[in-house]
Every structure is written in C-alpha cells, then in structure tokens.
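The values are calculated or read from the model by the stated rules, or taken from the named source; none is laboratory data. It should be emphasised that the depicted structure is a prediction, and the values quoted were computed from it without experimental measurement. Backbone-built Cβ (ideal geometry, glycine too); neighbour counts: all protein chains shown. Please note that ligands, DNA and RNA were not included when accessible areas were found on the heavy atoms of the full protein model with its side chains. Shrake-Rupley method; radii C 1.70, N 1.55, O 1.52, S 1.80 Å.
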Amino acid sequence: MELSGFPAYAVFFLTFVGIYGVLILGLNLQWGQTGQVNFGVAAFFMVGAYTMAIMTTAPTEDHLGGFGLPFVVGLIIAMVMSGALAFLIGLITLRLRADYLAIATIGIAEIVRQFLKNEDWLTNGVRGITAITKPFEGAGAGAEPLIYLCIVIAAVALVFFALERLRRAPFGRVLRALRENEDTARASGKSIVNFQLQSFVLGSAIMGLAGGLYAPFFSFISPEAFTNLFATFLPWVMLIAGGSGNNYGALLGAVVIWLVWSLTEWLINQVIPASMVTQAGALRLLLIGVLLQVILLFRPQGLIPERFRFKRPH
Amino acid sequence: MEYVQTLIYGIVLGSIIAVAGMALSLSYGILRFANFAHGDLLTAGAYFGFVFFTLLGWPMYVAFPLAMAVTACLTLGIDRVLFQRLRQSTPVILLISSFGVALIVRAGVQLAFGPDTQVYARGIEFPMQVGGLRIKPTHLYIVGGAIAIVIGLHLFLRRTKVGKAMRAMSDNADLARISGIDTERVIAWTWLIGGAVAGASGVFLAMDTQLHPVMGFRLLLAIFAAAIFGGIGKPYGAILGGLIIGIAEEFSTFVISPAYKPAVAFAIMVLVLIFRPQGLLSGVKT
C-alpha cells in the first residue's frame, strides 16, 4: 500500500522535524548549555550531508567515491568529519572573546559552501550528488518512508537521552558554570578551553549526524539546498522559540517552528500568484525574522524554559 | 603592469572594506556587540542610492548624502525598536537579534526590489588609459569618497564633543558614565554615524560592482576581518586592515579561484586571531 495524501505528508513532516530535532539538540548543547554562538550550523550540517553522500553512494565518475559503505558507518564518518572541522575552528577561537566564534563560524559556513560548489572532483559541484540510498531500499509496499521515519526517531531518541544524561552529569554542570561565569569556573580549577572545545566538537558532530540523516532522506543534495536560512537561521529560531538550554524545549521548538514555517508557505501561496514565488520566499523570511525578534523581546526564555534545581540568584 | 593593475583593483575594494570596517569597529567598541546586520546595512544604503540616483534620476551628489542619511535613520530606528530594549540582557542576545535583523533587512530589500541584480547606470563606462593602466572614473570616486569619509570621521572623533565622548565610552563605558556623559545619547550618535558610513560604503560597493540583495552580506566576513585586524574599537586600525584584505583578495585571484575571496579574508583573520588577537594596532591610542 503506497502512502498518499495526508498520511504521506505526515510521515514526510515528522521525518523532517526529526532531522531538525537532531540538529537543534546539537545547537542546544553549544548555545543552550555552554553559551557558544555558532552561526555556522549550515557548515557542519553540509559537511555531514556530503560526507554521508560520498561514503554511501555507489562508485561513480562524478565525484569522489562513492565508497558504497553501509548506512551506519556513513553516519559515524559524517559525525567525525563535522567534529574535526569544529575542532579546528574551536582551537583557534574558543580561547578568545565569545563573539569571535560567531564571526568565525559564519565565515566557515560561507567557505564550506563555496568549496562544495567549486571542487567538482569531490562533490560534483553545483550539479550535486544523486542516488543517495536509504537503508532497506526496496522494502516494498511503500514502507520505505515509514522505516526511515523510525530510523530518524531512533536517532533523535538516542541523542536526546545521551544529552540528558550528559546534562545531569558533572560535565553538564561545568558547561553551565562556564556559561554563567567563566571566571568562577576557572577559579574552581576547571580547564575552560578543554570543556568549551569538547562541548563545541560534540555539538557539531551531532549537527553532522543530522546532515548524515538528511542526505538519504532527499536522496539528492547540492550546495544550493543548504542556505543560511534553512540550515542556520531556522534552527536558531527553533531553539530560541522552544527554550534554550532545555532539550524538551529544543524538540518542541522544532515541531512548532516547522509547523509555522509550513503554514506560512501554504498561506502565502494562497495569496501570492505563482509568478512571484521568489518574492514569497522573501516574505516568509521577513515573517520568521520578525518572529525571532518578538520572541527575544517578549519571551526570551522560550516555550519551555530551562529548569534549575535551585533558584537562580539575581 | 598586470600587478599594478591588480593593486589598483585591490585598493578600490580595500577602500570599501576599510570604510565599512571603520564604522563596524566604532560601533563594536562603543556598543560592545558584533553587529551582524552591518553587511546588510551596506545593502540598504546601496539600494537607497539606487532609488534616488537611478529611479528618481537625481544627481549623485544629491543621491549619495541622501542615501547616507536614510541609512542612518534606518539604523537608529532599528536600535530604538529592538537593540535599545535588548540592551539590558546579555550582549549575546543582541548578537542573535542582529543576525535576525540582517535577514529582515535582506528580505525587505528583496521584496522591494526583486531578487535580480541591478546597476546604477546602464551602458559601458570607458576606462581612462594612464600609462598602460585602466582606471575607471568610478574607481576615483570611490577612493576619493573613502578618503573624504575617513578625514570627516577623524575630525568628528577628534574635534567635536560627541566624538570625544564616543572615544571615551569606547575606552571605558563605566568611567564615561560617571564622568557625566549621557551614554544613551552617545549610543544614538554612534548608530547615526555608523549607519551613515555603512550607507556610504554600500553606495561605493554598488558603484564598483552591482546591486544584489546579498551584496553586503557577502562582504560581511571581510569587514569583520578588517575590524579585528586593526583591533576592535580602533577605527583607524580598520582602515589598514581593510586595505590589506582588499589587496590580498584581489591578488589571490592569480593563484586560486575568485570564489575563494572570502577565504582569503578568513585566513588573514585567523592569522591575526592566532598571533595577535587584540589586533595589530591595539595599544595605539585613538
């Protein structure tokens, strides 16, 4: 039985939200827990997606590889590559002022995008990589999207419980101490740079995992698919709307904002003629930008605020 | 000769980055947050120039100051609506807000003027031949305009009371406040000046290349690199940083694809961050 109509859309919607959920859990570790501003989420997402594509596709003349590796191996290598990129950036910037990380990451996102566009031997350039396969392809009877949804949900659950465990562990406490006051954390004998670097690399590796899940989902990727809007800005809005620092909030934010985003598409398509479709994109961007400002002004703690075991002193 | 020609292109691009970097460095030093909307303020300025010069057909000497003034007002408006209210929270929130403002401005420009490239004036501009070098009149306008803005900003910071207050606040905001400086007023002036200079650099950028909704954002990394190169809050350092980055970007095209120009700015920024994170000119009094 081929899924169609509403159930098919629901499966698509949930899978997409799940991939965003993984991405935002990674961002929540960096921003929510540690207070690091990563404006280059797209970079780690892209590296993950491309690594996955190159590692798992069948051998071809168009780009490096493909190496035809199994799905799970591809995911692991995707995480390692994104983590390695984060390690390099973190090593340079994490010792310095917090805003240098933001500047460096927004720069690296642009450079990675140009790199993927221009290095044809590696990525097939603007033509992108095709025929990225999902596991259990050919399971038949339209079960494929459903199986993939289950895989994505499993990944979300795994990352969620691992991060919740980490949050309660001494490691998580140090990260929050860093976020609140670096000097106090340093005075307690914690190596600031080590903890910062671990958190940044782990968060970015999780973003790489999200990228690795994204590539087979669409089976085609190209540099144009990873705009700053989709891969950096929306995740930020989702996290801030849901509740920075709270993993439940991060997931709720992914659902709510993706719902809002999809609704604006539907609404605007009702109003604006098809000939002005690029303008509709700008209008949605404007709306989501305004939404972020409204949240920052009126509910900066998000839908589900971070919970503290003890009251925060003011 | 080819190298001298490239040097000229580098100086033109460098002047644009230098002026934009100066404004960013100034506001960064006084307001203490990295304004990620700065690149898109350039875009806004360029399109305001487009309205006055191309659409309304006013001469450039009218359109240019008007574009600066309108961009200044837009910048102050953004502060009054958003940044002023967020100033009580942590600086990082302002950072995120400015990232959102950048997208709002870009989306606004695209809604108003469409996603395609535009130019100020159609037709081919014939370059002057000077001893085997090709120099366009617009190159002279850009470099001349940049020098005028640098001198103007220098006089403003040195000679006027507001300028001195701005430098005082950049050095030490708390000290400035207890000396009786009205910090809110200084902030308003900083946005006005920063916005006007950003608008000017946007018009320069549009004269040099074309108008496009992401034109300013594409230059943002180079502008930040220039500001960091010279040391945050040191506008004069950003001039040096901007020129070096502009020249390095143009010369890099001999070796690597022009698509990697942002990577050159990034590489210079990384080198500065590794070896002299406080900036090249830190310690020099402004």
Only listed residue being touching a His at 6+ places or on another chain (Cβ under 9 Å) and either at pLDDT 95 or above or open to solvent by 70 Å² or more (accessible area, probe 1.4 Å) (or both), chosen from B:THR90, B:THR117, B:THR71
B:THR117
Can B:VAL101 be described as open to solvent by less than 30 Å² (accessible area, probe 1.4 Å), over 28 Å from B:ALA168 (Cβ atoms), aliphatic (A, V, I, L, M) and within 14 Å of chain A (Cβ to nearest Cβ)?
no
Given the options A:ILE106, A:ILE92, A:ILE147, name the one that is within 30 Å of B:PHE275 (Cβ to Cβ) and without any contact (Cβ under 8 Å) to a residue 40 or more places away in the chain.
A:ILE92
Considering each residue of region B:79-97, count those that are among the hydrophobic types (A, V, I, L, M, F, W, C) and closer than 13 Å to B:PHE36 by Cα, and give that number.
6
Can you find a residue in region B:37-50 that is of a type outside the set (Gly, Ala, Ser), open to solvent by 40 Å² or more (accessible area, probe 1.4 Å), more than 26 Å from B:SER170 (Cβ to Cβ) and touching a residue at least 40 places away in the same chain (Cβ under 8 Å)?
yes
Tally time: how many residues in region A:192-236 are open to solvent by less than 50 Å² (accessible area, probe 1.4 Å) and not in a helix (DSSP H, G or I)?
4
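Condition check ((1) under 21 Å from the mean Cα position of the chain (by Cα); (2) crowded, with 24+ Cβ neighbours inside 10 Å; (3) free of Cβ contacts under 8 Å to residues at least 60 places away in the same chain; (4) within 14 Å of chain B (Cβ to nearest Cβ)) across all residues:
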{"residue": "A:GLY32", "(1), (2), (3), (4)": "yes, yes, no, yes"}
{"residue": "A:VAL41", "(1), (2), (3), (4)": "yes, yes, no, yes"}
{"residue": "A:PHE45", "(1), (2), (3), (4)": "yes, yes, no, no"}
{"residue": "A:TYR50", "(1), (2), (3), (4)": "yes, yes, no, no"}
{"residue": "A:PHE71", "(1), (2), (3), (4)": "yes, no, no, no"}
{"residue": "A:GLY74", "(1), (2), (3), (4)": "yes, yes, no, no"}
{"residue": "A:GLU110", "(1), (2), (3), (4)": "yes, no, yes, yes"}
{"residue": "A:ILE129", "(1), (2), (3), (4)": "yes, yes, no, no"}
So how many residues does region B:228-278 have that are among the β-branched types (Val, Ile, Thr) and under 18 Å from B:SER25 (Cβ atoms)?
7
Screening A:ALA231, A:ALA254, A:ALA282 for residues that are closer than 30 Å to A:PHE115 by Cα and away from chain B (no Cβ under 14 Å) leaves only A:ALA254
Return the pair list, or none, for Cβ contacts closer than 6 Å from residues in region B:131-147 that are closer than 18 Å to B:VAL4 by Cβ to residues that are among the small types (Gly, Ala, Ser), at least 6 apart or on different chains.
B:ILE142/B:SER15; B:VAL143/B:SER15
Any residue in region B:64-83 that is facing chain A (nearest Cβ under 8 Å) and in contact (Cβ under 8 Å) with a residue 12 or more places away in the chain?
yes
Among the residues of region B:136-161, write down those that are surrounded by 17 or more Cβ atoms within 10 Å (Cβ to Cβ) and aliphatic (A, V, I, L, M).
B:ILE142, B:VAL143, B:ALA146, B:ILE149, B:VAL150, B:LEU153, B:LEU157
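Can B:LEU175 be described as open to solvent by 70 Å² or more (accessible area, probe 1.4 Å), assigned to a helix (DSSP H, G or I) and closer than 22 Å to B:GLY45 by Cβ?
no
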Within the set of pairs 6+ apart or on separate chains, which have a first residue in region B:182-194 that is under 8 Å from B:MET166 (Cβ atoms), a second that is buried (at least 19 other Cβ atoms within 10 Å of the Cβ) and among the polar types (S, T, N, Q), and C-beta atoms under 8 Å apart?
B:THR190/B:SER27
Would you check if there is a residue in region A:289-300 being out of contact with any Phe, Trp or Tyr (no Cβ under 8 Å at 6 or more places or on another chain), among the charged types (D, E, K, R) and either open to solvent by 50 Å² or more (accessible area, probe 1.4 Å) or within 10 Å of another protein chain (Cβ to nearest Cβ) (or both)?
yes
